[in-house]
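Chemist: Have a look at this one before I ask anything.
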Amino acid sequence: MVAKQTKRIVIEPVTRVEGHGKVSILLDEENRVTQARLHIVEFRGFERFIQGRPYWEVPVLVQRLCGICPVSHHLCAAKAMDQIVGAERLTPTAEKVRRLMHYGQILQSHALHFFHLAAPDLLFGFDSDVSTRNVFGVAARYPDLARQGILLRRFGQEVIRATAGKRIHGIGAVPGGVNQNLSPAHRDALRGEMDRILEWARAAVRLAAEYTTTHLDSLASFGSFESNHLSLVQASGAMELYDGLLRAVNARGEVIFDQVPARSYTDHIAEEVRPWSYMKFPFIKPLGPEEGWYRVGPLARINTCDSIDTPEAEAARQQFMKLTDGKPNNNTMAYHWARMIELLHAAEKINQLLHDPDLQGTELMVRGARREEAVAILEAPRGTLFHHYRVDQYDQVTMANLIVSTTSNNEPMNRAVQQVAATYLSGRPEITEGLLNHVEVAIRAYDPCLSCATHALGQMPLVVELFDCQGQLVDRKQRGG
Amino acid sequence: MAKPKIATTSLAGCFGCHMSILDIDERILELGQLVEFDKSPINDLKRFRGPVDVGLIEGGCCNEENVRVLQDFRRHCRVLVSLGDCAIMGGVPALRNMIPLKECLEEAFCHGVTLHNTNGRIPNDAEIPLLLDKVYPCHEVVKIDCFLPGCPPSADAIWEALLALLHGKPVELPYELIKYD
Ligand code: SF4
């Protein structure tokens, strides 16, 4: 409903191109923003159509939700199915091959987001020329940087291929273990590239740090707000991406809960449904929907952990935390810097694993007493990912509940959109193309993968329509057309 | 001579096919020299600027927006390619075709174990495009000229097919590049 005395603006990002998401904004008679919403318009129905499928099919099937981070779904489902087949503890080879696959995924996904997607905004400015604000524009102006980004991503994809059999939608993880170890040939080929990968990862951290600190004044107020933060951590409190315990802290860094095992997640996390989006709104249950919403992803992970267990990423983390005197950093645009610290961490972890003889071990699978229910959690590139299944005696899935990473950032992205819209739209009669990109820049900081089947790829095309209070179109701006 | 133009879109797909396009790695830079990108999620172009030589479609049609976008691609592209299994036959999203849509929505929004949805509402705002009864492969909606199988098709398959199409040659991929999975 269009309320009286308001104007309605519709920003359609990828929606009309890919059917994935759009923003609507309401203004009052003085052109002040009264409401701004990010709508997720894609629906798959996975929770229902997975029912009746055999459990061993799930790790290869569920990754088709998302071709950008398929390894995350592949591994999270495999971790759940380990429990179903009673594999309490994997062999060292299986666990490490999976971890290697996961770090490859973190590295490729973070490189893709930073260099292919976000870099044009950061290098050229939020309202720079639309025709060069893309990866080809970056390649023309900064050829070395573009090449490094492409080769960093390529390396991550090659790590995935060596462990999963295929770059996209691999089959390496199976219930109870993995179906191959890392061959010496693959190991040696990857080792040969390691030095320059580490060098470029360090350079990426420097670039992101420099960008954030030199633009700190403008970025500090850009779509930023205080929030809770959630992630997995190790028992020691160190950062953990593959298999740990849940920890949540508030905006001041006080612990809300800690060391929560996956199986208890329903005591701590609930999801709200709002009629205007297919994406649900998760919150910390005891705090309720109003107070309990939280952020996930690179920024949240750096905020919740006490340390990082690789030396160079830990040094980078300490530098990052200095900015806020060791308290959580609530700056939306700091996601980019945090993401690059994780990229370096992933590169260091890959380097360690490539020198670990367990990766060439031959014990790949374990089995134990069957179970009927399983919950698995891991840290996907975009944040905490929950998979929960029930499997009956005929091996068929009877229940699936998934909370994908981007879903947890639903409320934060909506807040970022509201804030940027209020700052850059309020009181302005005319909408410029640069304004549109500001709204996108705020969304893009979260590296969203909407409905986990969407457009993390690329610059989102936008249409903004301005209506008067009778619903008459008064202005329409379309980017690029 | 003006560069040939290509356009890409993702309908009801997982973006894996677009990722496979990026998996051509350094050849992305070559591609940038070779062609001009019209409408695509990798740039900021929203509407077609004009006719395009080759359009790549990822994903089938699961809602009305998908249909509209696909028709728009057909109007603008000389050669239209169904890229990957979702575009060719609906793929994993079409698993819902066996089940009434209402059941899918209720499972997602009314039955989930973490749901806090006391009045059982299902998203229905006017801002959300209408879902189709089923997920449809692209060739049931518009004419498709070329089908590239795989989930996703490999980067090399996409590269070879694209080069052939841009040069107006028949697409003859070696056996190793054709992958059905
Ligand atoms: S064909 Fe496979 S990779 Fe391509 S969109 Fe469909 S599920 Fe994703």
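The values are calculated or read from the model by the stated rules, or taken from the named source; none is laboratory data. Predicted model only: the values in this text are computed from it and were never measured. Quick reminder, even Gly has a Cβ in these numbers, built from the backbone with ideal geometry, and neighbours come from all protein chains shown.
Chemist: Tell me the residue from A:Ser405, A:Ser451, A:Ser426 that is modelled with pLDDT under 75 and not aliphatic (A, V, I, L, M), please. Even if it seems obvious, please write down each step before you answer.
Modeler: Working: A:Ser405 fails: modelled with pLDDT under 75; A:Ser426 fails: modelled with pLDDT under 75.
Exactly one of A:Ser405, A:Ser451, A:Ser426 is modelled with pLDDT under 75 and not aliphatic (A, V, I, L, M), namely A:Ser451.
Chemist: Let me ask you something else. Is it the case, given these coordinates, that B:Leu130 is in contact with a Phe, Trp or Tyr (Cβ under 9 Å, 6 or more places away or on another chain), at pLDDT below 95, more than 16 Å from the ligand (Cβ to nearest atom) and over 30 Å from A:Gly165 (Cα atoms)? Don't jump to the end; show me each part of the working.
Modeler: Numbers: in contact with a Phe, Trp or Tyr (Cβ under 9 Å, 6 or more places away or on another chain): no; at pLDDT below 95: yes; more than 16 Å from the ligand (Cβ to nearest atom): yes; over 30 Å from A:Gly165 (Cα atoms): yes.
For B:Leu130, the condition - in contact with a Phe, Trp or Tyr (Cβ under 9 Å, 6 or more places away or on another chain), at pLDDT below 95, more than 16 Å from the ligand (Cβ to nearest atom) and over 30 Å from A:Gly165 (Cα atoms) - is not met.
Chemist: Right, another one. A:Leu90: outside any helix (DSSP H, G or I), away from every other protein chain (no Cβ under 14 Å) and within 30 Å of A:Leu359 (Cα to Cα), yes or no?
Modeler: Working: outside any helix (DSSP H, G or I): yes; away from every other protein chain (no Cβ under 14 Å): yes; within 30 Å of A:Leu359 (Cα to Cα): yes.
Yes, satisfied.
Chemist: Residue by residue through segment A:42-94, note down the ones that are within 30 Å of A:Asp447 (Cβ to Cβ) and aromatic (Phe, Trp, Tyr). Even if it seems obvious, please write down each step before you answer.
Modeler: Looking only at segment A:42-94, we keep the residues that are within 30 Å of A:Asp447 (Cβ to Cβ), and these are A:42-50, A:53, A:57-83, A:90, A:94.
The answer is A:Phe43, A:Phe46, A:Phe49.
Chemist: Continuing with the same structure: Any residue at all in segment A:317-339 that's among the charged types (D, E, K, R) and over 25 Å from A:Trp200 (Cα atoms)? Steps first, please.
Modeler: In the first step, residues of segment A:317-339 are kept if they are among the charged types (D, E, K, R); the result is A:317, A:322, A:325, A:327, A:339.
If we keep only those that are over 25 Å from A:Trp200 (Cα atoms) as well, we get A:325, A:327.
Yes; the residues of segment A:317-339 include at least one that is among the charged types (D, E, K, R) and over 25 Å from A:Trp200 (Cα atoms).
Chemist: Kindly indicate the residue of segment A:240-282 that is among the acidic types (Asp, Glu) and touching a Lys or Arg at 6+ places or on another chain (Cβ under 8 Å) and also surrounded by the fewest Cβ atoms within 10 Å (Cβ to Cβ) among those meeting that condition. First the steps, then the outcome.
Modeler: Narrowing segment A:240-282 to residues among the acidic types (Asp, Glu): A:240, A:243, A:254, A:258, A:267, A:271-272.
Those left that are additionally touching a Lys or Arg at 6+ places or on another chain (Cβ under 8 Å): A:243, A:258, A:267, A:271-272.
Numbers: A:Asp243: 20, A:Asp258: 13, A:Asp267: 11, A:Glu271: 23, A:Glu272: 17.
Per the criteria, the residue is A:Asp267.
Chemist: Within segment B:48-66, take every residue that is in a helix (DSSP H, G or I) and surrounded by 19 or more Cβ atoms within 10 Å (Cβ to Cβ) and give me the one that is modelled with the highest pLDDT. Working first, answer last.
Modeler: Step one: list which residues in segment B:48-66 are in a helix (DSSP H, G or I), which gives B:64-66.
If we keep only those that are surrounded by 19 or more Cβ atoms within 10 Å (Cβ to Cβ) too, we end up with B:65-66.
Values: B:Glu65: 85, B:Asn66: 90.
Within segment B:48-66, the match that is modelled with the highest pLDDT is B:Asn66.
Chemist: May I ask you to list the residues in segment A:348-378 that are over 22 Å from A:Tyr55 (Cα atoms), within 26 Å of the chain's Cα centre (by Cα) and surrounded by 17 or more Cβ atoms within 10 Å (Cβ to Cβ)?
Modeler: Matches in segment A:348-378: A:Glu348, A:Lys349, A:Ile350, A:Asn351, A:Leu353, A:Leu354.
Chemist: Could you check segment B:14-60 and list, in sequence order, the residues that are more than 7 Å from chain A (Cβ to nearest Cβ), of a type in the set (D, E, K, R) and within 16 Å of the ligand (Cβ to nearest atom)?
Modeler: Matches in segment B:14-60: B:Glu58 only.
Chemist: Looking at (1) more than 12 Å from the ligand (Cβ to nearest atom); (2) within 10 Å of chain A (Cβ to nearest Cβ); (3) β-branched (Val, Ile, Thr); (4) touching a residue at least 60 places away in the same chain (Cβ under 8 Å), which is the only condition B:Val92 fails?
Modeler: Checking B:Val92 against (1) more than 12 Å from the ligand (Cβ to nearest atom); (2) within 10 Å of chain A (Cβ to nearest Cβ); (3) β-branched (Val, Ile, Thr); (4) touching a residue at least 60 places away in the same chain (Cβ under 8 Å), the one that fails is (1).
Chemist: Looking at this structure, is A:Arg37 modelled with pLDDT under 90 and in contact with an Asp or Glu (Cβ under 9 Å, 6 or more places away or on another chain)?
Modeler: Working: modelled with pLDDT under 90: yes; in contact with an Asp or Glu (Cβ under 9 Å, 6 or more places away or on another chain): yes.
Yes.
To keep it simple, each residue is scored yes or no on (1) at pLDDT 95 or above; (2) farther than 18 Å from A:His110 by Cβ; (3) outside any helix (DSSP H, G or I).
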| residue | (1), (2), (3) |
| --- | --- |
| A:Ser277 | no, yes, yes |
| A:Leu287 | yes, yes, no |
| A:Arg301 | yes, no, no |
| A:Ala313 | yes, no, no |
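Chemist: Among the candidates B:Ala2, B:Ala7, which residue alone is away from the ligand (no atom under 16 Å from the Cβ), in a strand (DSSP E or B) and closer than 28 Å to A:Ser128 by Cβ? Full working, then the answer.
Modeler: On the way: B:Ala2 fails: in a strand (DSSP E or B).
It is B:Ala7.
Chemist: Out of the residues in segment A:50-73 that are within 7 Å of chain B (Cβ to nearest Cβ) and at pLDDT 90 or above, state the one that is nearest to the chain's Cα centre (by Cα). Reasoning before the result, please.
Modeler: Residues of segment A:50-73 that are within 7 Å of chain B (Cβ to nearest Cβ), as a first pass: A:61, A:64-68, A:70.
From what's left, at pLDDT 90 or above: A:61, A:70.
Details: A:Leu61: 20, A:Pro70: 12 Å.
Result: A:Pro70.
Chemist: From (1) part of a loop (DSSP other than H, G, I, E, B); (2) more than 16 Å from the ligand (Cβ to nearest atom); (3) more than 12 Å from every other protein chain (Cβ to nearest Cβ); (4) within 22 Å of B:Glu58 (Cβ to Cβ), pick out the condition that doesn't hold for B:Ile144.
Modeler: Result: B:Ile144 fails condition (2) only.
Chemist: A further question follows. Here is a list of conditions, (1) under 23 Å from A:His388 (Cβ atoms); (2) assigned to a loop (DSSP other than H, G, I, E, B), and B:Pro153 meets all of them except one; can you say which number that is?
Modeler: (1)
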